[in-house]
Amino acid sequence: MEEQAKIPVFKASLYYGLIVGLVTIVISLIFYFIGQSFEKWAMYTSLVIAVAVLVLALVLLRKEYGKGFISYGNVVLASVLISLVAAILTSVYTYAIFEFDK
């Protein structure tokens with residue numbers, strides 16, 4: 001049996017969390033500037049894009065750091081950490097955009 005690679009989950013989660021957060025912010029800005037940010041279709045679209053980017057980040061994590069394999073526990077931990085970092089970024093963005101938009 002092959003030796004499993006040690007995956008730096010925290011470092012990779014921070015990196016991919018920043019990517020997911022920035023993509024979510026860019027999509028939100030696009031909808032904001034075209035005036036559709038509060039429409040249901042825009043909310044569903046941004047949610048689907050955020051989930052797709054999260055899944056892509058997990059696949060890239062497995063490919064880049066895990067050499068094609070990652071344990072279930074590491075996937076769950078990485079997805080929670082990536083989502084947490086992305087949520088913090090989008091929360092700061094949301095606060096800033098509505099604070100300056102008054």
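The values are calculated or read from the model by the stated rules, or taken from the named source; none is laboratory data. None of the values given here were measured: they were computed from a predicted structure. Cβ: placed from backbone, ideal geometry, glycine included. Neighbour counts: every protein chain shown. To get the accessible areas, we keep the full protein, side chains included, count just its heavy atoms, and leave off ligands, DNA and RNA. Shrake-Rupley method; radii C 1.70, N 1.55, O 1.52, S 1.80 Å.
Could you tell me the number of lysine pairs in the chain with C-alpha atoms less than 23 Å from each other, where the two lysines are 8 or more residues apart or belong to different chains?
Values: Lys6/Lys63; Lys6/Lys67; Lys11/Lys63; Lys11/Lys67; Lys40/Lys102.
Taking the Cα cut-off of 23 Å, the pair count is 5.
Give the Rg/Rh ratio for segment 1-54, taking Rg as the radius of gyration of the Cα atoms and Rh as the Kirkwood radius, to two decimals. Don't jump to the answer; show the numbers that get you there.
Values: Rg = 16.0 Å, Rh = 12.9 Å.
With Rg and the Kirkwood Rh in hand, the quotient comes to 1.24.
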| task | Mind giving me the nanometre distance, one decimal, between the label points for Lys63 and Val76, set 7 Å out from Cα along Cα→Cβ? | result | 2.6
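Would you mind getting the accessible area per residue of the chain, heavy atoms of the protein chains only, 1.4 Å probe, in Å²?
On the way: 7210 Å² over 102 residues.
Using a 1.4 Å probe on heavy atoms only, each residue of the chain averages 71 Å².
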| field | Listed values (i) 15, 41, 26, 14, 4, 1, 0; (ii) 15, 46, 35, 5; (iii) 16, 49, 27, 8, 0, entry calculated as P(r) over Cα pairs in 10 Å bins from 0, in percent | value | (i)
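How much of the accessible area of the chain, probe 1.4 Å, is carbon plus sulfur, in whole percent? Could the numbers behind the result be given before it?
Numbers: 5120 of 7210 Å².
Roughly 71 percent, rounded to a whole number.
Between Tyr32 and Val55, what FRET efficiency comes out of the Förster formula 1/(1 + (r/R0)^6) with R0 = 30 Å and r the beta carbon distance, rounded to 0.05? Mind showing how you got there, number by number?
Numbers: r = 25 Å, r/R0 = 0.83.
Between Val55 and Tyr32 the formula returns 0.75.
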| query | For segment 72-92, list residues with backbone N below 18 Å from a point placed 7 Å from the Cα of Met43 toward its Cβ? | reply | 90-91
| remark: Here segment 37-43 yields Karplus 3J(HN,Hα) values (6.51, -1.76, 1.60; θ = phi - 60°; whole Hz; Gly and Pro given as x) of 5, 9, 7, 5, 5, 5, 5
